[in-house]
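Visitor: This structure is in structure tokens; I'll ask about it shortly.
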Amino acid sequence: AGKGGEPLIYIMYNRTTNLLIRGALLFSVGVFLALVLNLLQVQRNVTLFPPDVISSIFSSAWWVPPCCGTASAMIGLLYPCIDSHLGEPHKFKREWSSVMRCVAVFVGINHASAKVDFANNVQLSLTLAALSVGLWWTFDRSRSGFGLGVSIALLATLATQLLVYNGVFQYTSPDFLYIRSWLPCIFFAGVITMGNIGRQLALYEYKFIQEKTHQD
Amino acid sequence: MTLREQLREKISAAFYRHGLLCASYPVPIILFTSASILTCCYPLLRLPLPGTGPVEFTTGVRDYSVPSHEPQGDLGERPDWYRGPPVAYIQQVLVKAAVSPWDSSLVTVDVFRSPLGRAFSLLEEIRNHVHSDSSGVRSLETLCLQVTDLFPGLRRMQSVLPEHGCLLVSPGNYWQNQRELFDSDPDLLKTIQKHEPQRPAHLDLLFGVPGKYTGVSHYNKKKVVTYTMTLVLSRYDARFLGSLRARLKQLHPSANCSLRDDHMVHVHFKEEIGIAELIPLVTTYIILFAYIYFSTRKIDMVKSKWGLALAAVVTVLSSLLMSVGLCTLFGLTPTLNGGEIFPYLVVVIGLENVLVLTKSVVSTPVDLEVKLRIAQGLSNESWSIMKNMATELCIILIGYFTLVPAIQEFCLFAVVGLVSDFFLQMFFFTTVLSIDIRRMELADLNRRLPAEAGLPPPKPGPLRTREAPPPPRPSPHTITLQTPAFRNLRLPKRLRVVYFLARTRLAQRIIMVGTVIWIGILVYTDPAGIRTYLAAQVSDQSPLGDPGGGGLPPHLGVAPVFRGGDPTSTLGINPAPAPTPIPDNQSQEAPPPSVPQITWGAEDEEGWRRLSFRHWPSLFSYYNITLAKRYISILPVIPVTVHLSPQEAIETRHPQDTKHPPPSIPKVAADIQTDLTLYKVAALGLAAGVLLVLLLFCLYRVLCPRNYGQNGVTHGRRRRGDLPCDDYGYSPPVSEISPLLLRGHSMDIECLASDGMLLASCCLAGQIRVWDAQTGDCLTVIPNHGGCWEQRDGWESVSGAAETECLGSEAHGSSISGDGLSEGEGYPLRRRTAPSRPTLFTDQPDLTPLIDTNFADQPPSHLCTPPREGFDFGGLVERAYMEHEPPSPSAYPSPSSASSSPPSGAHSVWAMELRGNLIAAGRSSGKLELWDAVEGSLRCINEDGVSGITALAFLNNRIVAARLNGSLDFFTVEINKPLGLLQYRGAPGRGSMPPSPCYSSEDVISCQLTRSVQCAHQKPITVLRAAAGRVVAGSQDHTVRVYRLEDSCCLFTLQGHSGGITAIYIDQTMVLASGGQDGAICLWDVLTGSRVSHVYGHRGDVTSLVCTTSCVISSGLDDLICIWDRSTGIKLYSIQQEVGCGASLGVISESLLVTGGQGCVSFWDLNFGDLLQTVYLGQSSDGQGVRQLLVLDNAAIICDFGSELSLVYVPSVLEKLD
């Protein structure tokens, strides 16, 4: 995830190209994570897709990875944008190793949600919520990040509710209306992670803009 | 002092002491640490290795009872999986059948047709067996494992595997257990091999023995057919099984069978990892590697980056191993999948502490002793380390109280891991770091010794202003001194890795050693029955051999305890089944010599061992029953021996059987078959190895940026706010380079000129200040206008024009601290030329005795490299003045030319040059003024031109002035000495460079316009450089003109740029480079005027150009610094700077480049484009950029910084880094 950042600087000459490249990178990261994490969920029969799809290579419906990719691209571009609009550039732990750590913790949270057997759902959800907030505190610590994370998580939860309501797919043991109650936590953690990656990628663009303004 | 502070101090002190300890005794501490790691990892040996097969546990049959679910205290060897009932009990009936005696009239098919046919009757027998006693009637139907549908994906297996009923597998399944189908089957082998490609083969599955032991082939030499009937029971009923066993033995006695039947083996299967589970696992590992890579990449400024990175990884990994080991020791056996939680543990424990420690130690002052550096670095970081540790422990504690078993276990591991990690950091890593730092010191010392050996200690003098310039620092070339080994280290990372691998053949060796160890362990622990396999191979060759009799090798887990002691005793207790066979009428005849021998060996006792260890899991998986993390119990086998008469064999023949062709190549085919599997395995292993190498290579390529120093690699200039590793709050050891700030100007610096010893600066206000380039003291202040001139007017009224020189020099000796050397030479000249002093100065001391005319004593020196043993004249003069009462004359400037009107200071200085002690200043009014730098007196003024002077060049005694209107004026500075002595300050220094004359105060200096080239250029001249007897002028009219300095003759007009010329470089070697607004850089041959190369490097103006012997360095408005090969004109690499970094460039030595930035200067390694160090000039980093930068010859650089000047000595840290 995010490995291609450095060499790509050469083509980041103009701003739209840069934006597109970042978007594409974030999209691919999102697709990749969606595939991998979905595999975790499908293994444990947390989510059920129609049976003919499950035999396919991606083990989930075709529309899931592109959706996740698009969402992650949007989030990853939105974060630096909001940062610059608020005028408070994100300075906390801006380095790739920290980003990697963040991604690893995010995968770990997913892992825990899929594989660890909890006594009840409330416990599971509370644990995951604590983990997600911990993730934010460890790697982000910005108010804008928290706000955006919470709002996007709520939106995504709503969207999932609607999807399940309309019977697109379903959860095996829903405990929060139609979905699992830990879903918002996962969304929140995902938003924080993608935002982190997006900000790190945006560092390159930031340098580029500085250069540009100087030329003008 | 609060408690917190007390605590903090105590922790800090403790860490300090610990650091001292570690650095003092590195070897014992490392030994101790390694020993403790090994001790803690020892329990790990008891854990099963990855790659080993299922684990076994053996119990007796007699007292067998289904184990309870609860762990029953300490049952010694009983493994913890042995709880609850097994998934199933496996009862195998091993049938060995042969047609005996063998008749030559029989064909090969007879070897197995009739023996296989017997299976159906046996099957009937088993199915119909009923045991009835007091507790009721039991048949197989009531006990067996009832299976339902096959797994949906296996529809084609339906024909051979039973559905909806007892799971009973036998070769009869091939023919749906119907004798009629068997009898009517024309080709048995074809039917059997129909399903062969499956893995594990159906043959194995149905026959219950590996395919080649069945004897079902045309090439069966032993003529014995072996197969099993596998009964899968869901309940264990000893009486039923006992009666079945007795019944079968009664029907088909095995004469010489001595198989034990009192042990059942419980086999526990691991969780199997499928592709679906592997992908997330691999992903987490990839993320982990990326994390480790990005973390260790930050380790910097140490001797061996790789070594330290390795040490960091070793620290983390061994702390994890230690934690697992310790947990195992205390009975916390991991139920979690170790491989899965491992990456998360690494991420939790992290490499951060290790990096923080390194940074902290590295940022301590380098001149301290290693011990103290380590101790200081540790104690600096102690508080944050402890705080982090406490926080992590708290988080883990919270996690522990979630009361989820999995999370609790994870937390427990993490706690132990954290503590052991802390231990290792403190002992192992700190010690390794101290060794590394010490190595660096040693290397540094070795390198520095020769450079410093010849240097006398610097003279400690309180009167720095008067004495000779202090011995120069080790010449700048020591900076570039690199040992060859060091040069290797600075190669691009990728190359370094490749070289390292190539040199040591590390990869091959590691892979080889790893493979050998792995194979060794596998053979030792024998997971897949390799030894059995080998034994079986051997026994195949010697039919009578019984090599497996020594017992199967002990298993890693729990098996050995039982297996070891048992064989003899059980054999003793249970002798062979009664040797009173019920005579079988078929086998009554005395066996002729050709009778196939049916032997029962120990390998038959547990014949299932020869099967693949995936045999049972796959059988059950067909019915969607998983054996992962569960166990099955395998009951002792029931041997059945069947002898068939040749007659029977012939009777059961199928008509087609005799038509089969006789075997043609029996031996070879069998060999090929066995060999083929070996080859397959080998090929598979090879492919896996190649794939692994490719994967690693790809990983490396993906992770490592491919271009080092190529276009666009951003070396982020670090600001004060976010220094390297900003989240740790460390700054590089800036204490090493403390820029000397020269304050005094009220406005921004406009011009800057230096000749190595003196430094002249001019601000926007027109004030010129002269500084000592060595010490940074302000020597002279020449205000733009005002007091100075009024004073001079006053003097004019008092003293005659003839005397003014004397006055001036007298004043300079006393009041103005100057360059000692030039001063010392100035005095004798003055004494000689003006023996009669004016009466005005009778109060001056007589300095005549101080005159030392023996100039031969002075070592040959040049203004660039002043003599080390300076002629300390200043001290003498000082003493003389101390005795005398020093007067306080302020300044005695005197105009030497006949100009009566004072020059108007309202015109600002546009250009300035400094040679010797003469400052040439070109003003916007077109006036050229010559000032005495030391005295601050105006020596000469020329007002021939009216157009503003935009650029000046001052070489030898010629001054070239470029004017705004494009004209070029050549002036000659003439020094009229009464005695005709022209003193040179020092002997000629570097090669052909002519010395600068020293102008003493009483010389009459006149500046005459020798030639004026009116229309040198069409447009204003932007840049003017002079060297090697040439003057080069670049103009906005896109051309460069080269003039000869001697006769102001225009030699060449160089055309090639498509924009105005912005930068020109020319040096003694006649290399001419020019850069223009079009971003192009041209290299010219000055001798012929031809263009050598023409390259485009910048988007925007070229702002600065410098050449070294091998390369050309250019900077442009696009904040790019490009380094070009001088001979070929190929761009070597470029450095992207931060925005607004200014365009100033300087080359300190062949490989050290200095650039100006926003409030800082940066040092770069020219060979590799690495940023060596950034020096901040002031407290506030923003706003003021360095626009001008001069490199002095004593390895100092001078740059403007707003209204201040900054003198930066190239620090010793750079020597270290190089």
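Visitor: Taking A:Thr70 and the conditions (1) among the β-branched types (Val, Ile, Thr); (2) in contact with a Gly (Cβ under 9 Å, 6 or more places away or on another chain); (3) modelled with pLDDT under 90, which numbered condition does it fall short on, given that it satisfies the others?
Guide: All conditions are met except number (3).
Visitor: With the requirement that a residue be at the interface with chain B (Cβ under 9 Å from one of its Cβ atoms) and at pLDDT 80 or above, what does the range A:1-38 give you?
Guide: Listed by number, the residues that qualify are A:Phe32, A:Leu33, A:Leu35, A:Val36, A:Leu37.
Visitor: Here is a follow-up. I want to confirm something. Restricting to the range A:163-216 and keeping residues that are within 14 Å of another protein chain (Cβ to nearest Cβ) and assigned to a loop (DSSP other than H, G, I, E, B), which single residue is modelled with the lowest pLDDT?
Guide: For the range A:163-216, the residue satisfying everything is A:Asp216.
Visitor: I need a count of the residues in the range B:98-126 that are within 16 Å of B:Pro186 (Cβ to Cβ) and part of a helix (DSSP H, G or I).
Guide: Residues meeting the conditions: 6.
Visitor: Just one of the numbered conditions (1) surrounded by fewer than 23 Cβ atoms within 10 Å (Cβ to Cβ); (2) within 7 Å of chain B (Cβ to nearest Cβ) is not true of A:Lys115; which one?
Guide: (2)
Visitor: Also: Please indicate, with yes or no, whether at least one residue in the range B:328-339 is within 28 Å of the chain's Cα centre (by Cα) and either closer than 28 Å to B:Leu31 by Cβ or surrounded by fewer than 22 Cβ atoms within 10 Å (Cβ to Cβ) (or both).
Guide: Within the range B:328-339, one or more residues are within 28 Å of the chain's Cα centre (by Cα) and either closer than 28 Å to B:Leu31 by Cβ or surrounded by fewer than 22 Cβ atoms within 10 Å (Cβ to Cβ) (or both).
Visitor: Could you list all residues from the range A:76-112 that are more than 7 Å from chain B (Cβ to nearest Cβ), assigned to a helix (DSSP H, G or I) and either over 20 Å from the mean Cα position of the chain (by Cα) or among the hydroxyl-bearing types (Ser, Thr, Tyr) (or both)?
Guide: Passing the criteria: A:Tyr79, A:Ser84, A:His85, A:Leu86, A:Ser98.
Visitor: In addition: Taking the range A:123-165, which residues are touching a residue at least 40 places away in the same chain (Cβ under 8 Å) and either surrounded by fewer than 16 Cβ atoms within 10 Å (Cβ to Cβ) or under 13 Å from the mean Cα position of the chain (by Cα) (or both)?
Guide: A:Ser132, A:Leu135, A:Trp136, A:Arg141, A:Gly145, A:Leu148, A:Gly149, A:Ile152, A:Ala156 - these are the residues of the range A:123-165 that are touching a residue at least 40 places away in the same chain (Cβ under 8 Å) and either surrounded by fewer than 16 Cβ atoms within 10 Å (Cβ to Cβ) or under 13 Å from the mean Cα position of the chain (by Cα) (or both).
Visitor: May I pose another question? Out of A:Leu131, A:Leu124, A:Leu135, report the one residue that is touching a Cys at 6+ places or on another chain (Cβ under 9 Å) and facing chain B (nearest Cβ under 10 Å).
Guide: The match here is A:Leu131.
Visitor: Here is a follow-up. So which residues in the range B:1126-1148 are under 24 Å from B:Gln1055 (Cβ atoms) and not β-branched (Val, Ile, Thr)?
Guide: Once the filter is applied, which keeps residues that are under 24 Å from B:Gln1055 (Cβ atoms) and not β-branched (Val, Ile, Thr), the range B:1126-1148 yields B:Arg1126, B:Ser1127, B:Gly1129, B:Lys1131.
Residue-wise test of (1) at pLDDT 80 or above; (2) among the polar types (S, T, N, Q); (3) in a helix (DSSP H, G or I); (4) crowded, with 19+ Cβ neighbours inside 10 Å.
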| position | (1), (2), (3), (4) |
| --- | --- |
| B:Arg4 | yes, no, yes, no |
| B:Val27 | yes, no, yes, no |
| B:Glu77 | no, no, no, no |
| B:Asp80 | no, no, no, no |
| B:Pro86 | yes, no, no, yes |
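Visitor: While we're here: Test B:Asp1119 against the criterion of being surrounded by 18 or more Cβ atoms within 10 Å (Cβ to Cβ) and on the phi > 0 side of the Ramachandran plot, and give yes or no.
Guide: Here the answer is yes, as B:Asp1119 does meet what is asked.
The rows are residues; the columns are (1) away from chain A (no Cβ under 14 Å); (2) at pLDDT below 50; (3) over 25 Å from B:Gln1188 (Cα atoms).
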site: B:Arg653; (1), (2), (3): yes, no, yes
site: B:Asp671; (1), (2), (3): yes, no, yes
site: B:Arg706; (1), (2), (3): no, yes, yes
site: B:Val734; (1), (2), (3): yes, yes, no
site: B:Leu742; (1), (2), (3): yes, no, no
site: B:Leu752; (1), (2), (3): yes, no, no
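The values are calculated or read from the model by the stated rules, or taken from the named source; none is laboratory data. Not measured: the values here are computed from a predicted model. Note that each Cβ is placed from the backbone with ideal geometry, even for glycine, and that neighbours are counted across all protein chains shown.
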